[in-house]
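Enquirer: A single structure is presented below for examination.
The values are calculated or read from the model by the stated rules, or taken from the named source; none is laboratory data. Since this is a predicted model, take the numbers as computed values, not measurements. Neighbour counts are summed over all protein chains in view; Cβ atoms, including those assigned to glycine, are modelled from backbone coordinates with ideal geometry. Heavy atoms of the whole protein, side chains included, go into the accessibility calculation; ligands, DNA and RNA do not. Shrake-Rupley method; radii C 1.70, N 1.55, O 1.52, S 1.80 Å.
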Amino acid sequence: MNNNSDSMRILFVCLGNICRSPTAEAIFKLLAAKNQLNVEVDSAGTSAWHQGEMADHRMRSTAAKRGYKITSLSRQFQRNDFDNFDMIIAMDDQNYHDLKDKAHTKEEENKIFKMKDFFMKLKSDHIPDPYYGGAEGFNYVVDLLEDASFGLIQHIKNLNDHDAAI
Ligand code: 4NP
């Protein structure tokens, strides 16, 4: 973020961009709007396996039951995402390391975060991939992403307060 009037641009990243990161995008967008935070939000996958597809139907229906509408289409992470976003947030360690491998500069590396580091109440090493599991896995993803999104909102508010104070 360059100054107070700029919006913070946030990109959530998982493997397929059909389960975890589109859900993070939908949850965080709604929460940011409720908190009147000026943000731009998107999501991407480290793979192109599901390029152009809607999010997984199980993920969409689980999220919808919890009040979140997932509308994004899958796309692969691109090198220019390092220019277009301020924070690039990985769902698990593999995503994190794949992103680090793509970074060319320290500045790009410093934009990469792990979603788990924003948990407020819940604890998990990562946001687990629900793709090959049962229904409870999809609900758990929403639980974890809601909790971390609250933490991320708080993190951004703190940054804004800090910027306003100097
Ligand atoms: P995501 O989940 O990374 O949360 O979108 C996955 C979706 C698809 C596959 C793996 C993970 N897949 O193997 O196709």
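Enquirer: Give, rounded to the nearest 20 debye, the magnitude of the charge dipole that the chain has about its Cα centre when Lys and Arg contribute +1 at Cβ and Asp and Glu contribute -1 at Cβ.
Expert: Here the chain has a charge dipole of around 500 debye.
Enquirer: Taking every pair of distinct Cα atoms and averaging 1/r, then inverting, what Kirkwood hydrodynamic radius in Å comes out for the stretch 8-160?
Expert: 15.1 Å
Enquirer: Oh, and also: Counting only heavy atoms of the protein chains, get the accessible area per residue of the stretch 8-160 (1.4 Å probe) and round it to a whole Å² value.
Expert: 49 Å²
Enquirer: Continuing with the same structure: Efficiency by 1/(1 + (r/R0)^6): what FRET value for Ala103 and Lys65, r their Cβ-Cβ distance, R0 = 35 Å, to the nearest 0.05?
Expert: Working from the Cβ atoms, E equals 0.40.
Enquirer: Go through the stretch 58-166 and name the chymotrypsin sites (Phe, Trp or Tyr not before Pro) that are in a DSSP coil and have 11 or fewer other Cβ atoms within 10 Å of their Cβ. Kindly include the intermediate steps, with their values, before the conclusion.
Expert: Values: sites: Tyr68, Phe77, Phe82, Phe85, Tyr96, Phe113, Phe118, Phe119, Tyr131, Tyr132, Phe138, Tyr140, Phe150; in loops: Tyr68, Phe77, Phe85, Phe119, Tyr131, Tyr132.
Qualifying residues, ordered by number: Tyr132.
Enquirer: Okay, next question. Rounded to whole Å, give me the distance from the Cα center of the stretch 1-78 to that of the stretch 121-144.
Expert: Spelled out, the Cα-based centre of one part sits 16 Å from the other.
Enquirer: How large, in percent, is the carbon and sulfur part of the accessible surface of the chain at a probe radius of 1.4 Å?
Expert: Taking all protein chains in place, the chain shows 48 percent carbon and sulfur surface.
Enquirer: Before anything else, pin down the relative contact order of the stretch 17-166: Cα pairs under 8 Å, at least 6 apart, normalised by residue count, whole percent. It would help to have the intermediate numbers written out before the result.
Expert: On the way: 209 pairs, mean separation 38.3, N = 150.
After rounding, I find 26 percent.
Enquirer: Could you name the lysines in cross-link range of Lys106, using Cα to Cα under 21 Å and dropping any fewer than eight places away on the same chain?
Expert: Lys114
Enquirer: To the nearest 0.05, what FRET efficiency results for Asp93 and Lys34 with a Förster distance of 22 Å applied to their C-beta separation?
Expert: According to the calculation, E is roughly 0.15.
Enquirer: Here's a follow-up. Using DSSP to call loops (not H, G, I, E or B), can you name the trypsin sites (Lys or Arg not before Pro) in the stretch 87-145 whose Cβ has at most 12 other Cβ atoms within 10 angstrom?
Expert: Answer in residue order: Lys121, Lys123.
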